[in-house]
Amino acid sequence: MPQGIYCNRQTINTPDEVNKLLSDTSGNNYYQEMKDLDVDRDLLWKTIEKTCKSRMRTWLEICAHCGMCADSCFLYEVNGRVPEQVPAYKIQSTLGEIIKKKGNVDNAFMRRAMKVAWAECTCCNRCGMYCPHGIDTGIMFGYLRGLLYQQGFVPWELKIGAGMHRAYRAQMDVTDEDFVETFEWMVEEYEDDFPGLTVPVDVEGADIMYTVNAREVKHYPEDLAEAAILFHLAGENWTVPSKGWEQTSLAMFAGDWAACKMQVESVYDAMERLKPRRMVGTECGHAHRATVIEGPYWAGRKNGLSPAPAIHYVEWLAEALNTGKLKVDPEKRIKEPVTLQDSCNYIRNHGLKKATRDIMSHIVAPGYFIEMAPNKEHNYCCGGGGGFNGIGKFRKERNIALIKKRDQIIDTGAKLVIAPCHNCWDAIRDLEEEYEIGIRWSFLKPLLIEMLIIPDHFKPEE
Amino acid sequence: MHDFLTGPLFWIALFVCLVGSLTRFVLYFKGLSWQLDRVAYTTYPQAGAKGAFRSIYKWLIPFGTRGWQTQPFITLGFFGFHLGVILVPLFLTGHALFMESKVGFHFFTLSVGLGDFLSWTAVVAGTFLLIRRLVLPEVRILTTWNDIFILLISIAPFVTGLLARYQVGDYGFWLNMHILSGEVVLLAIPFTKLSHVFLFFASRAQLGMDYGIKRGGMKGTKMAW
């Protein structure tokens, strides 16, 4: 059977189609059908000929097979150092083989490639820094995911996730109305504590246009209130767009490049419409990667920049603390051993390590901040990056992947882990659930709100 | 035989090596695409050049990068081998004399002792790399016959050269074998994994530009990537 009812090469474009796929509990039928899904070899090879150019071809060709990438890969380390987990092997035996065979591969090959692409690589890009030839296997896996997605060999949740972006311009079924209503409702909840607190929607020419992760709207709405409170206390002239507010991109994890473009263009349209001085995104790693780092290229912007300058939440927060817009009460600083998770997507892949260290210097009393080893650009993935967290089929593999972060955290002796990234936050929550090492974990916003000096004019009247 | 090896075949090998390498080097950069690679190469030439330069030179220094630092044994093996295979062909006194006779000039020359030392280093380090390939599971799984073949043809000029140098058996025979094996390497450079001789610089430059422009360089990070 070539194309299944659930598992096929078609993209998911409407709420109805999303619901249909969601109705297949855990993707049981989906994966069953995948076993019979045929491979459109012509399409595969044509796509490769069109898109696999000198950079990647050269990477595959000059790989010296030296194995120096092995030790750089946390999945190699936590999976008993089996040679099948060496990054070079993983990519050569998948993308390398497809190219060698000019796309002439079968169903079983594609299903194995799917497992390797989503359960044996989180696209953390760490190995690229350890290769003498500068071969970035994470980038190649991103590319391979695109090929697999095009052929229908993609984990169920990510097919749905990409479909959500196509249907809702959000990673979940959150509509624009849901977003605005939830934000307004959450702000109302805190109005009594912070008189004058509002959520300015669609204000043109604001200093900051704030974008979020749809999960916050659906599952963690207090995060929206916290963002509003912090902007309010910092005296920022900010706004949220009623359309184009979603910064994340499960489509990027899925390799659905067309959906990536649609999603990021919705944010760029909001920038063009509202003309903010700059955009600030929430505490999310891949959202920043998608909208700020990769997005401009998907949208065909040759200068690699979004229409308005865009920064990560940690950059804004570091600036607000460094310039005194927000002031921390020294008495309320963290006075227990605390460590920090460096998100691959904006630390290794966007160089923001100084911003997070600046923040730590403001919010942690001297002597209590303990770095993980290794850290900054060399830090390991949380264990759940690149979509790994959300894939039920690979949950067992994901739980093994958490071991590296677990051990890194245990080695610091800290009981509190600050994770300014949704994916990292989830992974750290899950590792506590799975391995019970007695830690707490937090985003920055809730910690900040507890320790800021609130000027009198911001306080409610007695 | 000797005349053929040092005459026509030498010129053919040199020509194929240089023209082939240059062509591939140019084609590499022509094949880069800002949209497919998602790097704004031409918009930020300065940031790109800085990133590319840092990415190349740090990796050329032994223990210059974290990658080299964390794996000291292979670092010593790599640099030992590469020092030999680069310095000896270009700067050995015998090679300088040959070059003088062919093109009328030569580079500086290595002392006899240093030449011997570097040649032996290349052979020993090359053998170490070969053994490592066969012994370590994480390298063995990647190893193909092609990898072994490439390593052997790279060591061959040194083995034959040393046999000729110490006049083991028939000097003339080993000398011819030495020249032939050297020419085999020249011919192989543009078409095999030996293309890393020049594509190393291209590939490192690309990643350096990627990070230098897009992934942190313009945020002040000074990584070697």
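Scanning region A:1-41 for residues that are among the basic types (Lys, Arg) and either surrounded by 18 or more Cβ atoms within 10 Å (Cβ to Cβ) or touching a residue at least 60 places away in the same chain (Cβ under 8 Å) (or both) turns up A:ARG9, A:LYS35, A:ARG41. Scanning region B:201-222 for residues that are buried (at least 24 other Cβ atoms within 10 Å of the Cβ), of a type outside the set (S, T, N, Q) and touching a residue at least 60 places away in the same chain (Cβ under 8 Å) returns B:ALA202, B:ARG204, B:LEU207, B:GLY208, B:MET209, B:ASP210, B:TYR211, B:GLY212, B:ILE213, B:LYS214, B:GLY217. Collect the residues in region B:185-200 that are among the aliphatic types (A, V, I, L, M) and touching a residue at least 60 places away in the same chain (Cβ under 8 Å), keeping them in residue-number order. Scanning region B:185-200 gives B:LEU186, B:LEU187, B:ILE189, B:VAL197, B:LEU199. Being more than 14 Å from chain B (Cβ to nearest Cβ), surrounded by fewer than 18 Cβ atoms within 10 Å (Cβ to Cβ) and either within 26 Å of the chain's Cα centre (by Cα) or more than 30 Å from A:ASN399 (Cα to Cα) (or both) is a property that does not hold for A:LEU44. Of the residues making up region A:26-63, those that are closer than 20 Å to A:MET114 by Cα and out of contact with any Asp or Glu (no Cβ under 6 Å at 6 or more places or on another chain) number 26. If I ask for residues that are at the interface with chain A (Cβ under 8 Å from one of its Cβ atoms) and either polar (S, T, N, Q) or farther than 17 Å from A:GLN92 by Cα (or both), which ones from region B:134-145 would you list? Once the filter is applied, which keeps residues that are at the interface with chain A (Cβ under 8 Å from one of its Cβ atoms) and either polar (S, T, N, Q) or farther than 17 Å from A:GLN92 by Cα (or both), region B:134-145 yields B:LEU136, B:THR143, B:THR144. Scanning region B:51-81 for residues that are over 24 Å from A:ASN379 (Cα atoms) and surrounded by 17 or more Cβ atoms within 10 Å (Cβ to Cβ) yields B:GLY77, B:PHE78, B:PHE79, B:GLY80, B:PHE81. Count of region A:261-285 residues, restricted to those that are within 19 Å of the chain's Cα centre (by Cα) and more than 14 Å from chain B (Cβ to nearest Cβ), is 12.
Table: residues versus (1) over 23 Å from B:LEU136 (Cβ atoms); (2) modelled with pLDDT under 95.
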position	(1), (2)
B:ALA49	yes, no
B:PHE53	yes, no
B:ILE56	yes, no
B:HIS82	no, no
B:ILE86	yes, no
B:GLY94	yes, yes
B:GLY104	yes, yes
B:VAL112	yes, yes
B:THR121	no, no
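Tell me, yes or no, whether region A:278-285 has at least one residue that is of a type in the set (Asp, Glu) and either in a strand (DSSP E or B) or buried (at least 24 other Cβ atoms within 10 Å of the Cβ) (or both). Yes, that holds for at least one residue. Here is the figure for region B:134-169: residues that are more than 17 Å from the chain's Cα centre (by Cα) and either closer than 22 Å to B:VAL88 by Cβ or in contact (Cβ under 8 Å) with a residue 24 or more places away in the chain (or both) total 11. Scanning region B:19-63 for residues that are more than 18 Å from B:GLY212 (Cα to Cα), within 11 Å of another protein chain (Cβ to nearest Cβ) and in contact (Cβ under 8 Å) with a residue 40 or more places away in the chain yields a count of 3. Would you confirm whether or not region A:137-156 contains a residue that is in contact (Cβ under 8 Å) with a residue 12 or more places away in the chain, aliphatic (A, V, I, L, M), assigned to a helix (DSSP H, G or I) and surrounded by fewer than 21 Cβ atoms within 10 Å (Cβ to Cβ)? Yes, region A:137-156 contains at least one residue that is in contact (Cβ under 8 Å) with a residue 12 or more places away in the chain, aliphatic (A, V, I, L, M), assigned to a helix (DSSP H, G or I) and surrounded by fewer than 21 Cβ atoms within 10 Å (Cβ to Cβ).
Can you tell me which residue in region A:78-102 is nearest to A:GLU120 (Cα to Cα), limited to those that are polar (S, T, N, Q) and within 11 Å of chain B (Cβ to nearest Cβ)? If we take residues in region A:78-102 being polar (S, T, N, Q) and within 11 Å of chain B (Cβ to nearest Cβ), then A:GLN85 is nearest to A:GLU120 (Cα to Cα).
If the condition is being away from every other protein chain (no Cβ under 11 Å) and touching a Phe, Trp or Tyr at 6+ places or on another chain (Cβ under 7 Å), then region A:47-77 contributes only A:PHE74. Residue under question is B:VAL184, and the condition is that it be away from every other protein chain (no Cβ under 14 Å), at pLDDT 95 or above and within 17 Å of the chain's Cα centre (by Cα); does it hold? When the stated conditions are applied, B:VAL184 passes them.
The values are calculated or read from the model by the stated rules, or taken from the named source; none is laboratory data. What you see is a predicted model; the values in this text were computed from it and never measured. Every residue, glycine as well, gets a Cβ built from its backbone with ideal geometry; the counts of neighbours run over all protein chains shown.
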